[in-house]
1. Cα centroids of region 149-209 and region 250-306: how far apart, whole angstrom?
2. Rolling a 1.4 Å sphere over the protein heavy atoms, what is the accessible area per residue of the chain, to the nearest Å²?
3. Rule-of-thumb check for the chain: C-alpha Rg over 2.2 N^0.38 Å?
4. May I ask for the longest run of the chain untouched by trypsin sites (Lys or Arg not before Pro) that are loop-located per DSSP and have at most 13 neighbouring C-beta atoms (other than their own) within 10 Å?
5. Using Cα pairs under 8 angstrom and six or more residues apart, how large is the relative contact order of the chain, in percent?
6. List every residue whose amide H lies under 5 Å from the amide H of V33, counting only residues 5 or more places away in sequence or on a different chain, with H placed 1.01 Å from N in the peptide plane.
7. Need one number: % antiparallel among DSSP beta bridges in the chain, to the nearest 5.
8. Enumerate the residues in region 147-170 having an amide nitrogen under 16 Å from the point lying 7 Å beyond the Cα of S290 toward its Cβ.
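The values are calculated or read from the model by the stated rules, or taken from the named source; none is laboratory data. This structure is a prediction, so every number in the text was calculated from the model and none was measured. Cβ atoms come from the backbone with ideal geometry, glycine included; neighbour counts cover every protein chain shown. All accessible areas refer to the heavy atoms of the entire protein, side chains included, with ligands and DNA or RNA removed. Shrake-Rupley method; radii C 1.70, N 1.55, O 1.52, S 1.80 Å.
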Amino acid sequence: MSHPEVPHAAPTLLVLAAGMGSRYGGLKQIDPVGPAGEALMDYSIYDALRAGFGKVVFVIRRDIEQAFRETIGAHFEKRIPVEYAFQQLDDLPAGFTVPAGRTRPWGTAHAILAARNVVREPFAVINADDFYGAEGYRALAAHLVSGVPDQAMVGFVLRNTLSDFGSVARGICEVSADGYLHGVVETTNIERDGNGARTTDAEGRVTPLTGDEIVSMNMWGFAPAVFDNLHSFFLSFLAASGADQKAECYLPSAVTAAIDSGRARIRVLASQDAWFGVTYREDRPRVVDSIRALIAAGRYPEKLWA
């Protein structure tokens, strides 16, 4: 049964979930972190609904479609219109083929392109397995319905995104004085260091970080016109790296290229909320405790979907 048409002003939430099966070893490994068995995705969609999003589009792989629809899609279809888009390795422009031996998908820019025939309204992009907090959804929803032509990115404070159990990779943002993104520097091996952080390069050189740096956690806001820019960038990527079995076409790289060419302006919407993700197995208890603290503070109900 089709859902009623979503009002034009209501933005869509695009959830990147094509990597879920391989990342967790199966959909059953989407761990409950809330007291009533909620997964991180429950909190994301709950926050999006409260912020005014009108539809969810899941980007998944064809081989997990049935399991995903039955275990995840059906759960949310009772609450909000849901559609699906499929990221497929062989979904390539004419003239390009998958190199022999490649099994990995083509990256986050390609994942968003997979939704080009499904998303027709302003939309936000998130990862399926991350907790972003309500503030980011409210900021994105307000931006997307405002009618301004600028694209948007929710920026998080670096220290609010670190793991206590090992190093992480983060996209450190270059932000202008008037709040626009100039570029994203992908930085690896970032660790806590007191109240700040540090990063260590391949030669062992340590660079201190204050912890106040703004980082991208893949929470973006776009108009549908972005699909044309992404398609052009993906063509350039394939021409340069399409024969590489491991090269991936990352969204931050596409955004930076659009900024550099003058084809896009990205407004940085700051969030003071903590970002949660289970980068390491040891992160899970901290995520569970953090959710419980938010419930105790009145930010979420004990049973999210009661």
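1. Here the answer is 14 Å between Cα centres.
2. Averaged over the residues of the chain, the accessible area is 47 Å².
3. Rg over 2.2 N^0.38 Å, computed on Cα atoms: 0.98.
4. 121-204
5. 24 percent.
6. Answer set, sorted by chain and number: E38, A39, L40.
7. Of all bridge pairs located within the chain, approximately 55 percent are antiparallel.
8. Inside the label zone: 155-170.
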